[in-house]
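Working notes, beginning with the structure itself.
Taken together, the values in this text are just the output of simple stated rules run on the coordinates, not laboratory data. These figures come from a predicted structure and were not determined experimentally. Note: ideal-geometry Cβ built from the backbone for every residue, glycine included; neighbour counts use all protein chains shown.
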Amino acid sequence: MKYPILFLTSLALSLSAADLDPQSLADKAAKAAYYMGDDGRATVTMRITDKQGRERTRELVILRRDVDEDLGEQQFYVFFRQPTDVADTAFLVRKRPQQDDDRWLYLPALDLVRRIAASDERTSFVGSHFFYEDVSGRSPREDTHELVEETDHYYVLKITPKNKESAEFSYFKSWIHKPTSIAVKSEYYDSEGKPYRSYEALKVENVDGFSTVTQSKMTDLLREGSTTLNYAHVEFNIGIPENIFSERYLRNPPSNYLEY
């Protein structure tokens, strides 16, 4: 009877060690945040608040389709409904973790499609405190990961970019919820080790069997402003066709997938 017990104990320890691999934890967190189902749709209310408490509100719809989940390839289409100064603006992403993402922004006032350079991925997304890269996600393969703390409920990873020129942060820490693998908090640090930007998942709900962030907040710790995203009408596996994620639909929005 001793041998089976020893074998099971050894197996349990080996499984625990695999589960605690920092790269594996980061991969699971990325999957939980950006790869629920084969595709997805949500209406998002964005509230941008400055240091004085002045608030701007925007409403947008996000469509997402997985191309090759094993490789991490995805497509995103973001369409702004309100207010009038950004209405009909559209943002398109072809996410390819093995190389730079392709990103385009359609500006209806100019009837212009502008390509967003890789160097602009970590700049403000249409005036909010979220970056373009935050919308479609950063590939875990761009960074190195270190498990720096474990609590009853969270794994805490220190994440450092492999290419220091590709990001404005020196590193960031991410608190990953053990049962769901959702990164519920992230703090970004500058070259002096001071935090300057903070992300929080404020609300998580079960949607179609997936643990889903339905309210999140990004805060500028230096200027004290913040942006809150509230997600509604969240759906997964609705069969969004591939051709929607093209330049043609930047100018001609696919209304049947944008209305509820």
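In table form, for the structure just shown:
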| read-out | value |
| --- | --- |
| The chain, helix-only ellipticity at 222 nm - DSSP H runs n ≥ 4, -39,500 (n - 2.57), divided by all residues, nearest 500 | -4500 deg cm²/dmol |
| Percent of Cα-Cα distances greater than 24 Å, calculated over the stretch 24-257 | 44 percent |
| Degrees between helix 2-19 axis and first principal axis of the chain (Cα, 0 to 90, nearest 10) | 30 degrees |
| The chain - charge dipole about Cα centre, Lys and Arg +1 at Cβ, Asp and Glu -1, debye rounded to 20 | 380 debye |
| Length gained when the stretch residue 194-residue 151 is fully extended (0.36 nm per residue, less Cα-Cα span) | 13.2 nm |
| Residue 102 paired with residue 85, simple spin-label distance in nm, labels 7 Å along Cα-to-beta-carbon | 3.2 nm |
| Loop-located trypsin sites (Lys or Arg not before Pro) in the stretch 160-260 whose Cβ has at most 12 other Cβ within 10 Å (DSSP) | 162, 223 |
| Proximal charge balance of residue 207 [Cβ under 14 Å; K/R count +1, D/E count -1] | -1 |
| DSSP-loop GluC sites (Glu not before Pro) across the stretch 118-211, with at most 11 other Cβ within 10 angstrom | 192 |
| Point-to-point label distance, residue 166-residue 47, nm (Cα→Cβ direction, 7 Å offset) | 3.5 nm |
| Distance between modelled label sites at residue 113 and residue 208, nm, 7 Å Cα→Cβ extension | 2.7 nm |
| Computed FRET value (nearest 0.05) for residue 178 with residue 221, which takes r as the C-beta separation and R₀ as 30 Å | 0.70 |
